[in-house]
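Below you'll find the structure, written out as structure tokens, and then a few comments.
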Amino acid sequence: MKIVHLSDLHWGFSPERDALIEQRLGELSACTADHVVISGDLSQSGRSEEFAALRSLLLGSGCYHPDRLTVIPGNHDLFSFFFRDFNAGRDLYARWRRLPGAAASLYRYGWREYEADLDRFHSFFSETFEGIFTLAGNPAISYPFIKLLGERAALIVLESNRMLPQIRRNSACSNGWIDLDAAAAILAHPGLENRFRIVVLHHQLQAEEQVAARMGRLYAAMTRLINRTALIDLLDRSGVDLVLHGHYHHLEQYTVGRSIPVVNSGDAAGWHLIDIGEEGAGIIPRM
Ligand SMILES: [Fe+2]
């Protein structure tokens, strides 16, 4: 089983970035991988035209099928009041004038707005969610969910942007949080028995100090997964074999807990090819 892992494409950031993404997704048509995972931030600002452009490229790549493609939202794909309505563009004066409106939206942002942002993301990529297993046990898309890959592997997808009601202390909409009770329930699903368990989420699992050493304290504090330590304990207890994420824009591999391999493909300049065999996963970075 070969998996291509991409993340943080940020379509719409710049024409140069868009050209790179177009090339990258075009390469998938010649790729013999069994499955492609894109772990969030497909778009720069969650605009409908950005999602539509990516959908079109993915359709053209030939991998647009639930058995061959899994996409999940990142913070840039949600929180539309911030990334689409406030943070867009490079005109700092225009952004300053939009600040009062953004602050009011931040105060008003609640579960209803979050669910509407999620629904909008799902509406562009709905076919890729067909056949998932959720805790509710119905066909509606909800998190966490399981997608079985062939006879031997499974993706366990967690939604790490679920920051409410803490959102008002997360004013850049970039911190993460995991619903641990729901994650524990899905990781105990009998359908995972004897399968290679691959957890997919958007936010990084590195310690805040490690991220700060490279990126500075402010960046590390504003991008961290709030309940990271408790999540790693849960992954350890649940027999997880591999974790895939992005968010923190580096191409790297590391381990957490009892040496669970973690792959960060958070940079559109690169990606990882993961080959799962009898002995575990072989992980190869590609540029
Ligand atoms: Fe992100």
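The values are calculated or read from the model by the stated rules, or taken from the named source; none is laboratory data. Quick caveat, the model's predicted, so the values are computed rather than measured. Because the Cβ atoms are built from the backbone with ideal geometry, glycine has one as well, and the counts that use them run over all protein chains shown.
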statement: Within the range 54-80, residues under 16 Å from Ala268 (Cα atoms) and among the small types (Gly, Ala, Ser) come out as Gly74
query: Is one or more of the residues making up the range 205-217 in a loop (DSSP other than H, G, I, E, B) and touching a Phe, Trp or Tyr at 6+ places or on another chain (Cβ under 9 Å)?
result: yes
From the options Leu242, Leu192, Leu235, residue that is surrounded by 15 or more Cβ atoms within 10 Å (Cβ to Cβ), over 18 Å from the mean Cα position of the chain (by Cα), more than 16 Å from the ligand (Cβ to nearest atom) and of a type in the set (A, V, I, L, M, F, W, C): Leu192
statement: In the set Ser160, Ser126, Ser171, the lone residue that is at pLDDT 95 or above, surrounded by fewer than 16 Cβ atoms within 10 Å (Cβ to Cβ) and under 27 Å from Ser80 (Cα atoms) is Ser126
field: Filter result for Glu22 (among the acidic types (Asp, Glu) and at pLDDT below 90)
entry: no
message: Which numbered condition in (1) touching a residue at least 40 places away in the same chain (Cβ under 8 Å); (2) over 22 Å from Asp77 (Cβ atoms) is the only one that Met287 fails?
response: (1)
query: Pairs under 6 Å by beta carbon, first residue in contact (Cβ under 8 Å) with a residue 40 or more places away in the chain in the range 108-120, partner aliphatic (A, V, I, L, M) and in a helix (DSSP H, G or I), six or more apart or different chains?
result: Tyr109/Ile167
field: Pair list, Cβ < 6 Å and 6+ apart or interchain, from the range 231-248 residues that are under 17 Å from Ala281 (Cβ atoms) and modelled with pLDDT under 95 to residues that are of a type in the set (Lys, Arg) and surrounded by fewer than 24 Cβ atoms within 10 Å (Cβ to Cβ)
entry: none
query: Within the range 245-256, is even one residue buried (at least 17 other Cβ atoms within 10 Å of the Cβ) and farther than 30 Å from Asp18 by Cβ?
result: yes
First in the range 16-27 and free of Cβ contacts under 8 Å to residues at least 60 places away in the same chain and closer than 13 Å to Ser43 by Cβ, second anywhere and part of a helix (DSSP H, G or I) and of a type in the set (Gly, Ala, Ser), Cβ under 9 Å, 6 or more apart: Asp18/Ala53
- prompt: Of the conditions (1) surrounded by 13 or more Cβ atoms within 10 Å (Cβ to Cβ); (2) more than 18 Å from Ile156 (Cα to Cα), Glu209 fails just one. Which one is it?
  reply: (1)
message: So Asp85 ticks every box in (1) within 19 Å of Phe124 (Cβ to Cβ); (2) at pLDDT 90 or above but one. Which box is left unticked?
response: (2)
